[in-house]
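Participant: First the structure, which I've put down as structure tokens, then a few questions once you've had a look.
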Amino acid sequence: MTTLWTSRPPRYSTVSPRIASQSRPPLRKHTSELPRSRPPAEKPLVELFSAPSRPAPLFTPARRLPSHRRTWPLAIAATALGVGCWVACFGYVTNETKATSTVVKHILRTTAKDASLRQLLGDEITPKPEWWLNGRPRIRGEPNQLQGNIDLSMRLRGSRGAGTLHFTSIRKARGTPYEILRFRVITDDGRVVEVDPRAADA
């Protein structure tokens, strides 16, 4: 009796081909060279020159460009004008306050009634007006009554001459009367007249 040997039947996988393809890692393709472009069909045109090229002409505008104007001189002039106007207004207001104070008015009444001063300057002794102060006299100094110190001077004029008035008075303590240290008029020819403080009460 002869025995026939047969090959083993092939084993079939129970995994479906779709699942097997998903679990299998994807194949990687590695290339050592990048894709090259195709060579041009025609050779590039090369232009040769026999001499160096000439410089290109400069661009000239059709119209003339406007000149740059400097603005800083105008700014400095405007600033100086503004500061000058402020100083003039401040000086005018300060002098107007002095001229209308009670101290200046009492001094002018006293000088107008002093007999020795009227002999030198004449009658109608008044302060000399200034046109740039709107007819007010220019008063130098400060009649500071709060600090107890009055020191001022001004120009006087009469029918016979003119002179400069100097007045100084201090208060040593608050509540005490003022003490007159200087009350005189120096005429233009150099003569000195001591003004009597009680002339206004006569």
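The values are calculated or read from the model by the stated rules, or taken from the named source; none is laboratory data. What you are looking at is a predicted structure, and each value in this text was computed from that prediction instead of being measured. Cβ atoms come from the backbone with ideal geometry, glycine included; neighbour counts cover every protein chain shown.
Participant: Confirm whether K113 is of a type in the set (D, E, K, R), touching a helix residue (DSSP H, G or I) at 6+ places or on another chain (Cβ under 6 Å) and modelled with pLDDT of 90 or more.
Facilitator: On the way: of a type in the set (D, E, K, R): yes; touching a helix residue (DSSP H, G or I) at 6+ places or on another chain (Cβ under 6 Å): yes; modelled with pLDDT of 90 or more: yes.
Against the criterion (of a type in the set (D, E, K, R), touching a helix residue (DSSP H, G or I) at 6+ places or on another chain (Cβ under 6 Å) and modelled with pLDDT of 90 or more), K113 qualifies.
Participant: Keeping to the stretch 174-201, report how many residues are touching a residue at least 24 places away in the same chain (Cβ under 8 Å) and farther than 15 Å from L117 by Cα.
Facilitator: Residues in the stretch 174-201 being touching a residue at least 24 places away in the same chain (Cβ under 8 Å) and farther than 15 Å from L117 by Cα: 2 in total.
Participant: Same structure again: Identify, by number, the condition in (1) in contact (Cβ under 8 Å) with a residue 60 or more places away in the chain; (2) on the phi > 0 side of the Ramachandran plot that D114 doesn't meet.
Facilitator: (2)
Participant: Restricting attention to the stretch 117-137, and to residues there that are in contact with a strand residue (DSSP E or B) (Cβ under 8 Å, 6 or more places away or on another chain) and part of a loop (DSSP other than H, G, I, E, B), which single residue is surrounded by the fewest Cβ atoms within 10 Å (Cβ to Cβ)?
Facilitator: Of the residues in the stretch 117-137, the ones in contact with a strand residue (DSSP E or B) (Cβ under 8 Å, 6 or more places away or on another chain) are 117, 120-121, 125-130, 135-137.
In the following step, the residues that additionally are part of a loop (DSSP other than H, G, I, E, B) were identified as 125, 128, 130, 135-136.
Details: I125: 24, K128: 13, E130: 13, G135: 9, R136: 17.
My answer is G135.
Participant: Okay, moving on. Across the stretch 138-172, what is the total count of residues that are within 44 Å of the chain's Cα centre (by Cα) and part of a loop (DSSP other than H, G, I, E, B)?
Facilitator: Counting residues in the stretch 138-172 that are within 44 Å of the chain's Cα centre (by Cα) and part of a loop (DSSP other than H, G, I, E, B) gives 8.
Participant: Kindly indicate the residue of the stretch 173-202 that is part of a loop (DSSP other than H, G, I, E, B) and aliphatic (A, V, I, L, M) and also modelled with the lowest pLDDT among those meeting that condition. Spell out how you get there, then give the answer.
Facilitator: Kept after step one, since they are part of a loop (DSSP other than H, G, I, E, B), are these residues of the stretch 173-202: 173-178, 188-191, 195-196, 202.
Filter again for aliphatic (A, V, I, L, M), leaving 173, 195, 202.
Working: A173: 87, V195: 93, A202: 62.
By that ranking, first place goes to A202.
Participant: Shifting gears a bit: Mind counting the residues in the stretch 95-116 that are buried (at least 18 other Cβ atoms within 10 Å of the Cβ) and of a type in the set (S, T, N, Q)?
Facilitator: 3
Participant: Being modelled with pLDDT of 90 or more and either of a type in the set (K, R) or more than 18 Å from I180 (Cβ to Cβ) (or both): is that true of T100 here? Write out each step before concluding.
Facilitator: Numbers: modelled with pLDDT of 90 or more: yes; either of a type in the set (K, R) or more than 18 Å from I180 (Cβ to Cβ) (or both): yes.
Answer is yes for this residue.
Participant: Considering the stretch 96-111 alone, what residues qualify as being of a type in the set (V, I, T) and touching a residue at least 12 places away in the same chain (Cβ under 8 Å)?
Facilitator: V103, V104, I107, T110, T111
Participant: When you scan the stretch 138-159, how many residues do you find that are free of Cβ contacts under 8 Å to residues at least 24 places away in the same chain and loosely packed, with under 13 Cβ neighbours inside 10 Å?
Facilitator: 3
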